[in-house]
Protein chains: 2
Amino acid sequence: MSPLAFIVLGLSLVFVPSDRFQPVQAAVGFALIGYQITTAVIPRVGNAFIKRGLGGRDLSKPGKPLIPETIGVIPAITYLFLMILFIPFLFIFGSTQTSGAQMFPKTMLSPYLSCLLCLQSMILLGLMDDLFDIRWRHKFFLPAIASIPLLIVYYVDFGITSILIPNVLRNWLRLTSNSVDLGFVYYLYMASVSIFCPNSVNILAGVNGLEVGQTVVIAVLLLLNDVWYLLIGTVASPSYSIHLFSMCFLIPFMGITLGLLKYNWYPAKVFVGDTWCYFGGMVFAVVGISGHFAKTLMLFFLPQIVNFIYSGPQLFGLIPCPRHRLPKFNEKDGLLYNSYTEYGAVDATSEQARQNPPLNRKLVPIILFLEKLKLLGVVKEYHEGQWVIKKTTNLTIINLFLVWTGPIREDKLCTLLLVAQFGVGFLMLILRHTLAPMVFGFDNSWSMLNRYN
Amino acid sequence: MSPLAFIVLGLSLVFVPSDRFQPVQAAVGFALIGYQITTAVIPRVGNAFIKRGLGGRDLSKPGKPLIPETIGVIPAITYLFLMILFIPFLFIFGSTQTSGAQMFPKTMLSPYLSCLLCLQSMILLGLMDDLFDIRWRHKFFLPAIASIPLLIVYYVDFGITSILIPNVLRNWLRLTSNSVDLGFVYYLYMASVSIFCPNSVNILAGVNGLEVGQTVVIAVLLLLNDVWYLLIGTVASPSYSIHLFSMCFLIPFMGITLGLLKYNWYPAKVFVGDTWCYFGGMVFAVVGISGHFAKTLMLFFLPQIVNFIYSGPQLFGLIPCPRHRLPKFNEKDGLLYNSYTEYGAVDATSEQARQNPPLNRKLVPIILFLEKLKLLGVVKEYHEGQWVIKKTTNLTIINLFLVWTGPIREDKLCTLLLVAQFGVGFLMLILRHTLAPMVFGFDNSWSMLNRYN
């Protein structure tokens, strides 16, 4: 389809009123426009980015080509302006369509704007990080700073800090109410979600298309969750509005994300930068927090959580952590191989041990056990009646997949990781809607709309 | 005063409640904190900026030293986060103090957030401009794009598009109402203000301290205007709240601006970048538009307007315009001299004329007349019975001041320009409050608060 046709279709979806699904239809229109803008702008700005020093070498390609970096800022800014242009369709035109019912009352405008402020702060801080290489221990908290607008407006405008208690727990503790007011802790919880999502996306990275691909998968899972609520709910129910609202955030996001993926997929023509990882993660955080389904959101981040836990021993210094833990590219066959952490000899001098520390002997049985479970690749030697561990694969799920598959081409590895993410997430989605009602007693439908309507 | 004392004083102003002027007191507190953050961060990040290629040579200093550029992004981001942290003090704590009256009702939260979104968009786009050198004819419209959040939220949330008509005009046209609904034109008007203010600040630049200094002067003039309303008004009047609101934006802005001026004043240790000019100008646009005193605001921009008109013949190609029109620095005496546009010989070949076009003969009498009025520096020769213009000073008010003062040191030139800006602005302020009531019949006090209260 020609770019013009794309734009015309997008605009007609935005402007031609429909009866009930006006917001969703407009969101699809904005997604098409966003896709077109993103794909049109990215190839035009690449050189300017490289000229400004925003370029990086793709180590997993023959000749390590230099390609533009931090390109994620383009779709991110595009998204922001689309969401601003979306406002009249959500709060004026949209509300008159749905058989007179106010789908999104104007009281929801402040929370909406605070979401945008939060996302824009994240873009700005992410850009600072990409420009000035902020230290790891500082950049970890950038998302928390970016989430301040969200938390502050939540506090001023809304301020409900109670959560539901599972029926089981309620009976056990003999509580009279089915909710508990967390107060200040609730804000800590929201801040944690905002720190978690962006950093999770940022940590599971290093393969062409993976940073962007995982945001596509999580967005699809969230959209499926939303559609589930739309199918079971009536227009009047609060969960209906909330999930319609969530879709209005996620559909245009899908548009710009697919536009970016086109250039970031193997063989990548651009890198997306920390800006993108932070921004994409923050979109989910914002949607989850403002829709009160942050716990459901966590389910879709399971591979990221597993990746974080699996990385633990290296992140917290139990075993050595090399600067890069990316898979190793072999120019000869064009495949990706596992990368390893090498251990120093046990009888090394103290100077050698400082450079290349040996493995703690207590960990040997654990490592051998993990190897047996196929959860770790190990290179070992049988020496004087016992196993000496020479090196183990780096602790990322990317390397873990390589342990399972053996050497594999980059795009196949990425596809596998994304399929796994989708599979696990879909399973969680099913469990969420079958198991949770049993535990909680009913599907949660309390919402900020309860207050606003 | 030590930095710590500054912060403690700031925090105590923010947190210790007072009776009536709680918002102003908190704003002063945030200004102190903002000043301290700005002055603390700027010297620490200069090297990182230069390393990233964000540095420029100061041509008006011996040896043309390289100093960091785009530093304005630091106070701009600081300001934004301070204004976000200000929200609870404006909309929760503030309102309970003022003898029970809601100084800022929560319905004003959306407009407030839209102002912040607009400013943040401006920072982001300004940064893009500083990073990627957007073309002049494109960058001129960046502020218009940044103002979209403001206009959209105005449309959705408020939507009043009528303006007052002067009594004189009303009688003359025999109108029955004292206001007229501009409809769509009103949005064009708001967009024009948003384009005008940032670009005005950006155009009057090139002398150490001038970009930042003019924002200080305009902010002081606006604050004087606000204080005038607070002195004549009662707490209940809408103009009272509106100008209190404006002060809450401008006082913290003064804090961060003075922090930046400390490093940008002669001899400058940092350049501020387009980001700052756009951001500073947009703060005024936002305050003027959301407070409905954009016309008063224009009065304080008179020197910028004069500068634009005076530049006209060069901007629109009537006479040649060199790439830089900055004053010329003389290393020997350390003073700034006029810079000139040189004209080609009248009898030049067409090739020479293309390189260095001669002056249109019809303009000679005008130029000689302007010279007589001391509005232009001219170098001429009497040749065969008539004056031949060799060169004229470049058409900026910076050069005009040099025509009046002769060679002068950079800081003195900057001080003169700022004093002139303040003097003209103060005169306009007096006229505004003496002449305008005569023409309009009453001082305008209609406001968005009329609607919200």
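The values are calculated or read from the model by the stated rules, or taken from the named source; none is laboratory data. Source: prediction; values computed, not measured. Cβ: placed from backbone, ideal geometry, glycine included. Neighbour counts: every protein chain shown.
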Restricting attention to the stretch A:378-391, does a residue exist that is surrounded by fewer than 19 Cβ atoms within 10 Å (Cβ to Cβ), at negative phi and at pLDDT 95 or above? no
Out of the residues in the stretch B:102-117 that are more than 7 Å from every other protein chain (Cβ to nearest Cβ) and either at pLDDT 90 or above or in contact with a strand residue (DSSP E or B) (Cβ under 9 Å, 6 or more places away or on another chain) (or both), state the one that is farthest from residue A:107 (Cα to Cα). B:115
If I filter the stretch B:343-355 for residues that are over 16 Å from residue B:319 (Cα atoms), in contact (Cβ under 8 Å) with a residue 24 or more places away in the chain and among the aromatic types (Phe, Trp, Tyr), do I get at least one hit? no
Between residues in the stretch A:379-402 that are more than 30 Å from residue A:200 (Cβ to Cβ) and residues that are part of a loop (DSSP other than H, G, I, E, B) and not small (Gly, Ala, Ser), which pairs lie under 7 Å by C-beta distance while being six or more apart or on different chains? A:390/A:343
So residue A:165 ticks every box in (1) in contact with a strand residue (DSSP E or B) (Cβ under 9 Å, 6 or more places away or on another chain); (2) at the interface with chain B (Cβ under 10 Å from one of its Cβ atoms) but one. Which box is left unticked? (2)
With the checklist (1) away from every other protein chain (no Cβ under 11 Å); (2) farther than 27 Å from residue A:330 by Cβ; (3) at pLDDT below 95 in hand, flag the one item residue A:59 doesn't pass. (2)
Of the candidates B:158, B:141, B:196, the one satisfying the condition of being out of contact with any His (no Cβ under 8 Å at 6 or more places or on another chain) and within 12 Å of chain A (Cβ to nearest Cβ) is B:158
Of the residues in the stretch A:139-181, those that are polar (S, T, N, Q) and either part of a helix (DSSP H, G or I) or closer than 30 Å to residue B:79 by Cα (or both) number 4
Restricting attention to the stretch B:17-30, does a residue exist that is modelled with pLDDT of 90 or more, under 28 Å from the mean Cα position of the chain (by Cα), within 13 Å of chain A (Cβ to nearest Cβ) and in a helix (DSSP H, G or I)? no
Could you say which residue among A:218, A:148, A:242 is surrounded by 15 or more Cβ atoms within 10 Å (Cβ to Cβ), closer than 19 Å to residue A:284 by Cβ, out of contact with any Ser or Thr (no Cβ under 7 Å at 6 or more places or on another chain) and more than 14 Å from chain B (Cβ to nearest Cβ)? A:218
In the stretch B:324-375, how many are loosely packed, with under 14 Cβ neighbours inside 10 Å and part of a strand (DSSP E or B)? 2
Subset of the stretch B:286-323 that is among the small types (Gly, Ala, Ser) and outside any loop (DSSP other than H, G, I, E, B) - its residue that is farthest from the chain's Cα centre (by Cα): B:312
Could you tell me whether residue B:224 is more than 14 Å from every other protein chain (Cβ to nearest Cβ) and under 30 Å from residue B:424 (Cα atoms)? yes
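To keep it simple, each residue is scored yes or no on (1) over 28 Å from residue B:117 (Cβ atoms); (2) in contact (Cβ under 8 Å) with a residue 40 or more places away in the chain; (3) out of contact with any strand residue (DSSP E or B) (no Cβ under 9 Å at 6 or more places or on another chain).
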{"position": "A:4", "(1), (2), (3)": "yes, no, yes"}
{"position": "A:7", "(1), (2), (3)": "no, no, yes"}
{"position": "A:12", "(1), (2), (3)": "no, no, yes"}
{"position": "A:28", "(1), (2), (3)": "no, yes, yes"}
{"position": "A:59", "(1), (2), (3)": "yes, yes, no"}
{"position": "A:72", "(1), (2), (3)": "no, yes, yes"}
Take the stretch A:122-131 and flag every residue that is in contact with a Phe, Trp or Tyr (Cβ under 8 Å, 6 or more places away or on another chain) and within 7 Å of another protein chain (Cβ to nearest Cβ). A:123
Exactly one condition in (1) under 30 Å from residue B:85 (Cβ atoms); (2) surrounded by fewer than 17 Cβ atoms within 10 Å (Cβ to Cβ); (3) at pLDDT below 75 is not met by residue A:167; state its number. (1)
Conditions (1) over 23 Å from the mean Cα position of the chain (by Cα); (2) more than 10 Å from chain B (Cβ to nearest Cβ); (3) under 21 Å from residue B:110 (Cβ atoms) -> residue A:79 fails only (1)
Taking into account only those residues within the stretch B:40-56 that are within 24 Å of the chain's Cα centre (by Cα) and surrounded by fewer than 20 Cβ atoms within 10 Å (Cβ to Cβ), which is farthest from the other protein chains (Cβ to nearest Cβ)? B:56
Looking at residue A:34, is it in a helix (DSSP H, G or I) and closer than 14 Å to residue A:78 by Cα? yes
Restricted to the stretch B:122-138, and to residues that are in a helix (DSSP H, G or I) and charged (D, E, K, R), which residue is farthest from residue A:132 (Cα to Cα)? B:137
When residues of the stretch B:253-300 are limited to those that are modelled with pLDDT under 95 and charged (D, E, K, R), the one surrounded by the most Cβ atoms within 10 Å (Cβ to Cβ): B:274
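Per-residue answers, yes or no, for (1) closer than 25 Å to residue B:312 by Cβ; (2) hydrophobic (A, V, I, L, M, F, W, C):
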position	(1), (2)
B:134	yes, yes
B:144	yes, yes
B:152	no, yes
B:163	no, yes
B:169	no, yes
B:183	no, no
B:197	yes, yes
B:211	yes, no
B:214	yes, no
